[in-house]
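One structure below.
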Amino acid sequence: LFQSREVFGPQHLVQPSLETEKPALGFSALSRFNVDSQKVIVDKHNDLRRAVNPTARNMLKMVWNLDAANNAQRWADQCKMSISPRNERVVNGVFCGENILQATYPQSWSDAIQTWYNQVANFKYGTGAVKDNAPIGSYTQVVWYHSYQIGCAVAYCPQNKWQYFYVCQYCPAGNNAANLSKPYKQGPACGDCPNACDRGLCSKLMVFCSFQIFPEEINTNARLPWIIMKVKILSQLFLINDTDRSQATNKNHGSP
């Protein structure tokens, strides 16, 4: 039997699942440098983000970020089989979120991402988890509206029972605890970007207030110039049309 397990939440809880045996998947095909693999990861996320129910009026289109992928690889290679510390998920000055998966056999990136998304069974928009302690954080990170840069990596960890360790990092981070039940704004698809819509996803410049992106960084005693600086920096963060794909991968996009 092929086995995989997802690790989620601050307590690193484990949820096992069993699948029928699958044919061998070349480990090199999963590499972060494999262009086909990058495309699968980005396309799978975007397909799932387009399909959210209820529909999203502000869902950003995802693009590949090699820096995030390299950072994910650094963590995966340590084979710690857990969520990385938050301070190790800073990419180009931006805090990133993370999903991880462990498996006994190499599985496709599409299957790994689908496993995270499948937590939607535990989720109701506007309510959050439908049962106490039901895992939803992997799903909400996949569909968090402003997490538009993605970088993923996998490591082989032969010393562990779960030998394959998958890590994806999402920048900027989602899963704001105050809004976890609403990972995006409900409404007509592309309602907030009618002139920059790619099949239900916002694909050009969008500006969000700083308190929406990094609420944990804001306090009522903050100095006004600092707040202005954050808004000014963040206003440059969301240039994501297709022609900016290489730019989004290789350039700094400002600090939170």
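Before moving on, here are some points about what is shown:
- Q159 being over 21 Å from the mean Cα position of the chain (by Cα), assigned by TED's automatic domain parsing to the domain that holds N65, among the polar types (S, T, N, Q) and exposed (fewer than 15 other Cβ atoms within 10 Å of the Cβ): yes
- Yes/no for Y139 being modelled with pLDDT of 95 or more, in a helix (DSSP H, G or I) and either touching a Phe, Trp or Tyr at 6+ places or on another chain (Cβ under 7 Å) or charged (D, E, K, R) (or both): yes
- Test set (1) assigned to a loop (DSSP other than H, G, I, E, B); (2) out of contact with any Pro (no Cβ under 7 Å at 6 or more places or on another chain); (3) at pLDDT below 60 - V52 fails condition number: (3)
- Single residue of Q73, Q102, Q114, Q78 found to be buried (at least 22 other Cβ atoms within 10 Å of the Cβ), on the phi < 0 side of the Ramachandran plot and not aromatic (F, W, Y): Q102
- Boolean, A153 is surrounded by fewer than 22 Cβ atoms within 10 Å (Cβ to Cβ) and at pLDDT 95 or above: no
- So A72, is it in contact with a helix residue (DSSP H, G or I) (Cβ under 8 Å, 6 or more places away or on another chain), modelled with pLDDT of 95 or more and among the small types (G, A, S): no
- Test: residue in region 179-187 that is at pLDDT 95 or above, more than 18 Å from the chain's Cα centre (by Cα) and not assigned by TED's automatic domain parsing to the domain that holds E98: yes
- Whenever a residue of region 62-91 is over 16 Å from Y164 (Cα atoms), its partners that are among the hydroxyl-bearing types (S, T, Y) and part of a loop (DSSP other than H, G, I, E, B), lying with C-beta atoms within less than 8 angstrom and at least six residues away or across chains, give the pairs M62/S147; M62/Y148; V63/Y148.
- Summed over region 81-99, residues that are outside any strand (DSSP E or B) and buried (at least 17 other Cβ atoms within 10 Å of the Cβ) total 6.
- Given (1) in contact with a Pro (Cβ under 8 Å, 6 or more places away or on another chain); (2) more than 24 Å from A178 (Cα to Cα); (3) among the charged types (D, E, K, R), number of the condition R57 does not satisfy: (2)
- Taking the numbered list (1) in contact with a Ser or Thr (Cβ under 8 Å, 6 or more places away or on another chain); (2) among the aromatic types (F, W, Y); (3) under 25 Å from N58 (Cβ atoms) in turn, Y145 passes all entries but (1).
The values are calculated or read from the model by the stated rules, or taken from the named source; none is laboratory data. Note that the structure is a prediction, hence the values are computed from the model and not measured. So basically every Cβ, Gly included, is an ideal-geometry build from the backbone, and we count neighbours across all protein chains shown.
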